[in-house]
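S.K.: So that we are looking at the same thing, I have put the structure below in C-alpha cells.
The values are calculated or read from the model by the stated rules, or taken from the named source; none is laboratory data. What you see is a predicted model; the values in this text were computed from it and never measured. Methodologically, a virtual Cβ is constructed for each residue, glycine included, from the backbone with ideal geometry; neighbour enumeration extends over all protein chains shown.
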C-alpha cells in the first residue's frame with residue numbers, strides 16, 4: 001500500500017485503510033444476503049432496506065484487463081484497467097497498480113490479485129483503490 005496517511009480519496013467512502021491494510025467498503029443485505037459494492041442503503045436484488053456495511057475485496061482473481069493508450073485530460077497513458085472477480089461474488093472495475101508496467105504481457109487472466117491504495121496517477125495527491133498481482137508475472 002503506497003497511500004500517504006490522511007491523503008484525500010478520489011471518491012470518499014469506497015475503501016478504508018486500517019492497521020491490517022486496505023478494505024473495500026461494500027454492503028450485504030440482511031434479508032437475501034446479496035453483496036454489493038459500493039455500499040448501499042437499499043438492496044438492488046430484493047429492494048429491502050437493511051444493508052450492513054461489510055469489508056470486502058482484499059484479494060481476487062483477474063477476470064479481464066486492457067492497456068489504455070488514450071487518457072483523459074490530466075492522466076498519463078498508457079495505464080492498465082481491469083475487472084477483478086472477488087470471492088464475495090462481485091466483479092468490479094478497477095485501475096491496476098502503477099507498480100505494474102502497462103504492457104499486455106504484464107498480467108494474465110486468472111492470476112491472483114490484491115487490493116492496494118495508491119495515488120490515482122503517480123505524483124497525484126488523490127488516492128484510490130487499485131489491484132496488483134500477488135506475484136509479478138514474468
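S.K.: Filter region 47-72 down to the residues that are in a loop (DSSP other than H, G, I, E, B) and surrounded by fewer than 19 Cβ atoms within 10 Å (Cβ to Cβ) and list them by number. Before you say what the answer is, go through the steps one by one.
M.R.: Pass one, region 47-72, residues in a loop (DSSP other than H, G, I, E, B): 47-48, 50, 57-58, 69-72.
Listed by number, the residues that qualify are 47, 48, 50, 58, 69, 70, 71, 72.
S.K.: Answer yes or no: is there a residue in region 111-132 that is over 21 Å from residue 75 (Cα atoms), buried (at least 18 other Cβ atoms within 10 Å of the Cβ), more than 12 Å from the chain's Cα centre (by Cα) and modelled with pLDDT of 95 or more.
M.R.: No.
S.K.: Test residue 81 against the stated conditions and say whether it is without any contact (Cβ under 8 Å) to a residue 24 or more places away in the chain and surrounded by 13 or more Cβ atoms within 10 Å (Cβ to Cβ).
M.R.: Yes, satisfied.
S.K.: Taking the conditions exactly as written (within 18 Å of the chain's Cα centre (by Cα) and either assigned by TED's automatic domain parsing to the domain that holds residue 134 or without any contact (Cβ under 8 Å) to a residue 12 or more places away in the chain (or both)), does residue 25 satisfy them or not?
M.R.: no
S.K.: Quick check on residue 75: is it buried (at least 18 other Cβ atoms within 10 Å of the Cβ) and either in contact with a strand residue (DSSP E or B) (Cβ under 9 Å, 6 or more places away or on another chain) or closer than 17 Å to residue 124 by Cβ (or both)?
M.R.: The answer is no for residue 75.
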